[in-house]
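Rule-based calculations on the coordinates, nothing more; no lab input. Small disclaimer: the values here were computed from a predicted structure and weren't measured. Neighbour counts are summed over all protein chains in view; Cβ atoms, including those assigned to glycine, are modelled from backbone coordinates with ideal geometry.
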Amino acid sequence: MQTRMTVSYETHAQRYGRYAFLVACALIFFFLVAPVAVVVPLAFNSDSFFNFPIHSYSLRWFSNLFTDPMWGLSIRNSLMIAVISTTLATVLGTAAAVGLNHRNLPGKRLIMAAILSPMIVPVIILAVGSYFFYSRLGVANNLIGIVLAHAVLGMPFVVVTVSATLAGFDHSLMRAARNLGASPLTAFGSVVLPVVWPGVLSGALFAFATSFDEVVVVLFLGGPEQRTLPRQMWNGLREHLSPTILAAAVILIVFAVVVLMTLEALRRRGAALRGIKE
């Protein structure tokens with residue numbers, strides 16, 4: 001029985017450089033995760049103040065998060081706004097991505113830049129502009145203005161993910177479906193959508209997370225009754241500091257982890273549909 005020996009051609013400097021790189025990555029990871037590691041145990045503190053180290057654990061603040069009328073209203077508003085704005089962003093973003101995927105579209109780069117501008121422009125500028133624009137339309141300080149603004153913020157993510165999925169799509173399949181008598185909508189639903197649905201769902205998750213976690217636009221466009229979960233946390237930090245904020249933060253952390261895991265699964269599924277081996 002023969003054994004194979006692995007020969008390393010690394011010099012001592014290269015080996016020490018690789019170790020230093022791994023140590024730097026570990027320190028950066030610790031720097032990013034340390035605040036989260038502190039927030040999570042504090043949310044289970046039974047005291048009415050931020051006490052660290054924790055002497056006793058309790059689910060008191062999680063119970064208060066779901067039983068307090070103000071926190072319950074903010075959670076319902078966040079879910080309702082996120083669902084409606086995500087639906088609008090997904091429909092419009094998918095349609096825009098399909099249209100921008102045509103090679104002969106005039107002004108393609110300009111249109112793409114305009115659609116992606118909410119990802120580049122600071123949110124505070126978008127919030128101020130949305131306030132003055134929606135005030136003229138009479139939809140400021142209500143849920144309609146917040147939903148429209150959040151749809152604008154979420155649509156670029158849908159366009160990017162769907163466009164990436166359409167990069168390797170064979171347009172001859174769409175033409176073949178049209179030649180067989182299918183309408184544009186039927187051809188899209190039976191030919192294009194089965195291929196791009198991982199990108200559509202990934203963009204929808206990004207749009208939902210963006211809306212659910214957004215606070216700046218809500219501060220400008222939301223009235224007293226349009227309290228969302230991030231805005232309630234913001235008000236709690238300014239007016240009445242309570243550990244309930246930490247419980248809400250833990251819920252948002254868990255939500256972010258679930259979204260990231262789902263996006264990774266969708267990325268792998270999209271790669272498999274396009275025949276890309278990893």
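Listing for the model above:
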{"item": "Length gained when the stretch residue 40-residue 178 is fully extended (0.36 nm per residue, less Cα-Cα span)", "result": "44.2 nm"}
{"item": "Förster-model FRET efficiency, 25 Å R0, residue 33 and residue 262, C-beta, rounded to 0.05", "result": "0.80"}
{"item": "Over the chain, relative contact order from alpha-carbon pairs under 8 Å, at least 6 apart, %", "result": "27 percent"}
{"item": "Rg over Rh, two decimals, the stretch 72-225 (C-alpha only, Kirkwood Rh)", "result": "1.04"}
{"item": "Gained length - residue 111 relative to residue 79, 0.36 nm times residue gap less alpha-carbon distance", "result": "8.5 nm"}
{"item": "Net lengthening on full extension, residue 70/residue 253 (0.36 nm per residue, minus Cα-Cα)", "result": "63.8 nm"}
{"item": "Phi-based couplings in Hz for the stretch 224-238 (Karplus 6.51, -1.76, 1.60; Gly and Pro marked x)", "result": "x, 8, 9, 8, 9, 4, x, 5, 5, 5, 4, 5, x, 5, 8"}
{"item": "Distance from the stretch 139-182 to the stretch 108-136 (C-alpha centre basis), Å", "result": "18 Å"}
{"item": "Charge dipole of the chain about the Cα centre (unit charges at C-beta), most positive-ward option of 115, 185, 224", "result": "185"}
{"item": "Other-chain or far-sequence residues with amide H under 5 Å of residue 45's (modelled H)", "result": "58"}
{"item": "Whole-number percent relative contact order across the stretch 114-256, with pairs defined as alpha carbons under 8 Å at least 6 apart", "result": "32 percent"}
{"item": "Mean Cα-pair separation over length for the stretch 22-135, i.e. relative contact order, pairs under 8 Å, 6 or more apart, %", "result": "10 percent"}
{"item": "Per-bin percent of Cα-Cα distances, the chain [10 Å]", "result": "6, 20, 25, 22, 16, 8, 3, 0, 0"}
